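Asks: I'd like to ask you about the structure that follows.
Laboratory data are not the source of any read-out in this text; all were calculated from the coordinates shown. Predicted, not measured: the structure shown is a model, and the values here were computed from it. Cβ sites come from the backbone with ideal geometry, for glycine too, and all protein chains shown count toward neighbours.
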Amino acid sequence: MPSLNTTYLTLPLSSPLLASASPMTGKLDALRQLEDAGAAAVVLPSVFEEQLHQEKAFMDHFLDANTESHAEARDFFPDATLYTRQTDHALEHLTQAKATLGIPVIASLNGSTREGWGHFAKQIEDAGADAIELNLYEISADPNISSAEIETRQLETVSGITQNLSIPVAVKIGSHYAAMANMAKRFEEAGAAALVMFNRFYQPDFDITSRTASRKLGLSSSREMLLPMSWIAILRGQRSLDLAATTGVHEITDIIKYLMAGANVVCSTSALLKHGPAKMTEFKTGLTHWLEENGYNTADELRGCMRREFVDNPELFERANYIKLLSSYPSS
């Protein structure tokens, strides 16, 4: 039987199949089911930068209130231990997950600036996380902020976190960089051990009757994997950091394509939310059977066989392909 053994973020894994951050990984029972179904590692739900800022502001107000009203004002503060924070819940869930599971547990942070992350990232490490996934989710609508400023800030965020931790950090990025290959290089130089490609940005929809904007969580489709797959195939031969594929993982063929492009691991969210943890068993069994039927002894033998420099027509990844597609499309 082919070996699915994989290394990601220096962690030895039983397969390249991960369960991404989702409501499912926020429940201990579901985490047990995912492990039993074959998940090689799990990513816990994100702690958001806004939560940290909100909690800090609340505590600052809590501690400063009435301090000037009486010389002994601090003597009548309420017990701060009675204030339970979302971050406390996240750390408790991480601790319970580590105590329960036998597979690596990856914590997740979601934000765009470095303020406040260092201390909490260290708490995550101390709570036992095997690694951290830093989710750089940002859409800049301010015309006075340049792309260079955003990129510099993100790189500083990565550097500020990685230099104070001993556990590896994966950076989950969007696809909207003008120079993706250059940014991948700079993220690696800033200390990232892996890139997770790509973040899905959730755009609002309009209700034309009520004239209100709403935001709906839509599950991905296999078609959405083409962009991250292409960039993984391009970057695989350029960078030594790990590459994690996410978005559009619904079928066994999606996993195979991502591995062929050069992904170290393939992460699933939508398919698991739609079909439950049993979908992970289907993925693992299907990948094993496909490798065996096609003469592969290990998943490593498959990994990267279709990366950019290995294909006969590398122009498919470049502008020349756009020109050929337009010229070949039949006119009416």
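Asks: Among the listed pairs LYS185/LYS279; LYS122/LYS274; LYS185/LYS257, give every one whose C-alpha distance is greater than 26 Å.
Replies: In this structure, LYS185/LYS279; LYS122/LYS274 lie more than 26 Å apart at Cα.
Asks: Going by how many other Cβ atoms sit within 10 Å of their own, how do THR209, THR298 line up, fewest first?
Replies: Neighbour counts put them in this order, fewest first: THR209, THR298.
Asks: Pull up all non-local amide H partners of GLY304: gap of 5 or more, or a different chain, and H-to-H distance under 5 Å with H placed in the peptide plane.
Replies: MET260, ALA261, GLY262, ALA263
Asks: Give me the distance between the Cα centres of the range 276-290 and the range 147-208, rounded to whole Å.
Replies: Computed from Cα coordinates, the inter-centre distance equals 30 Å.
Asks: Another question, if that's okay. Using bins 10 angstrom wide from zero, how does P(r) for the range 164-279 break down, in % of all Cα pairs?
Replies: Spelled out bin by bin, the range 164-279 gives 13, 39, 29, 15, 4, 0 percent.
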